[in-house]
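Let me begin by handing over the structure; questions about it come next.
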């Protein structure tokens, strides 16, 4: 039977399965974590409880410290045994403070993160919440993979974040209505994907979806692309050519970067929208067309209208319904989900074995500002999958601009984190010695560690006899409580 900390069921609590030989100390940590976390503790010599309850836990906390005679002979074997369980859950390894040599080893065997003991409670809460969010993403991806229904043609339009769910809810309302739509947002946010989704959900889904970008093209070329031409209309026109307007009949026409359209062509497009007819270049015969127009731009058309760079009458025709796609940095909670989505697609495409991102690589992706938005993220993940040799994408598989800043930040944090742990450990031992009247045997028992290990800690932390004076217990206890909580 394992020991249960927090018997009352809490829907929102992060459920942690702890494998440890130091039950007493882990219970103390559980109480310090608070009501947002629920712990179930099993001695690490027997992982049967882990197998029996594998559907319950969100995170596994694996104690790999060396406690007296109880030394973990093969750390990687324990990690691999847990990884072999067919259940998605990140593993956090609890290591000795001075055991820096094992960090890379446990990461290579699939650990999500490591924590030095005794941990800073605030940092531990952060790590556990990060691991829980990672676990939720993995489960959502598994649910998507298990769906029998075929994916829509634009399977890259992933809508896990609140902001994108609101966009999709609005899209489902307007898609069946045959009105013009203006999609705005920064470059790379997925405006064409949204346009395809509107077409897919509309009554025109059986018709063609014709896309054309107006960006950085000469006026004559855009006019020919949109209207087409007759044979002999100009030098080099060897035959009849149907334009995008004609090709989109009974379907949807998507014009990207409409803000780059020349004023002369704006007038011609406005006439087409009013009359629903046009003529090919070199012809006077009107051609009737019936299409739905969706336009997109990263520019501010209101300002362009005010500066007379865009026709106001055309703007009113296009802007019947406007959909704003948020930048990727404004929906950062979905970066990991998108990254895994792209990783899975490119792993299949390149026949690679990439299955997960390391903790540092996910942190680098989430902290980057993504000026190129989703398109840039897609290219970064494609590069990482191509470079990865194993199942894990590491930080060094990402472009240097992403992971260098994260490594420097982490190095700065490690220094202060080590100081915090040392101070926490010192106060914990001093308080326990004071409560036990300076008796080291009783103190070691209360802490759940071997007496010899306590002696080593006292020497390492330079705890003097005067520090263990019971008269100072009250003040030290208050300072420790403030630090833990």
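Bear in mind that the values in this text are calculations on the coordinates, not laboratory data. Quick caveat: nothing in here was measured; it's all calculated off a predicted structure. In this analysis, Cβ positions are derived from the backbone assuming ideal geometry, glycine residues included, and neighbour counts consider all displayed protein chains.
What does the highest-first list of 209-217, 127-135 look like by mean Cβ count within 10 Å?
127-135, 209-217
What distance in nm lies between label points placed 7 Å from Cα along the C-beta direction at residue 348 and residue 187?
Each label point lies 7 Å from its Cα, and together they span 3.0 nm.
Stokes-Einstein at 4 °C, 1.567 mPa s, Kirkwood radius from Cα pairs: D for region 162-326 in µm² s⁻¹?
Stokes-Einstein gives a translational diffusion coefficient of 79 µm²/s.
Principal axis lengths of region 315-361 from Cα atoms, whole Å, largest first?
Per principal axis, max minus min of the Cα coordinates gives 51, 25, 10 Å.
Determine the gain in length on full extension of the stretch residue 35-residue 308; use 0.36 nm per residue of separation and subtract their C-alpha separation, reporting nm with one decimal.
Contour length minus Cα-Cα distance gives 92.3 nm.
Using the Cα atoms of region 249-304 to build a convex hull, what is its mean projected area in square nanometres?
Averaged projected hull area, Cα only: 4.4 nm².
Another question about this same structure. Residue 382 to residue 273: extension gain in nm, 0.36 nm per residue of separation minus the Cα-Cα distance?
35.2 nm
Sorted by packing (mean other beta-carbon atoms within 10 Å per residue), highest first, where do 375-381, 356-362 land?
Sorting 375-381, 356-362 by mean packing, highest first, produces 356-362, 375-381.
Related question: If one puts a single equal scatterer on every Cα of region 333-403 and applies the Debye formula without solvent, what log₁₀ I(q)/I(0) results at q = 0.11, 0.15, 0.22, 0.28 Å⁻¹?
Debye curve over Cα of region 333-403, log10 I(q)/I(0) at q = 0.11, 0.15, 0.22, 0.28 Å⁻¹: -0.20, -0.39, -0.87, -1.47.
Here is a follow-up. Between residue 319 and residue 219, what's the calculated FRET efficiency when r is the beta-carbon distance and R0 is 22 Å? Round to 0.05.
0.45
Treat each spin label as a single point 7 Å out from the Cα along the C-beta direction, and report the residue 283 to residue 180 distance in nm.
The modelled label-to-label distance comes out at 2.4 nm.
Also, I was wondering about something else. Using the per-residue mean of other Cβ atoms lying within 10 Å as a proxy for protection, in what order, highest first, do the peptides 167-175, 116-124 fall?
116-124, 167-175
Label residue 329 and residue 173 with points 7 Å out from Cα along Cα→Cβ: what is the distance between them in nm?
Placing both labels 7 Å along Cα→Cβ, they lie 2.9 nm apart.
What FRET efficiency comes out for the pair residue 163/residue 290, r = Cβ-Cβ distance, R0 = 41 Å, nearest 0.05?
Result of the calculation: an efficiency of 0.75.
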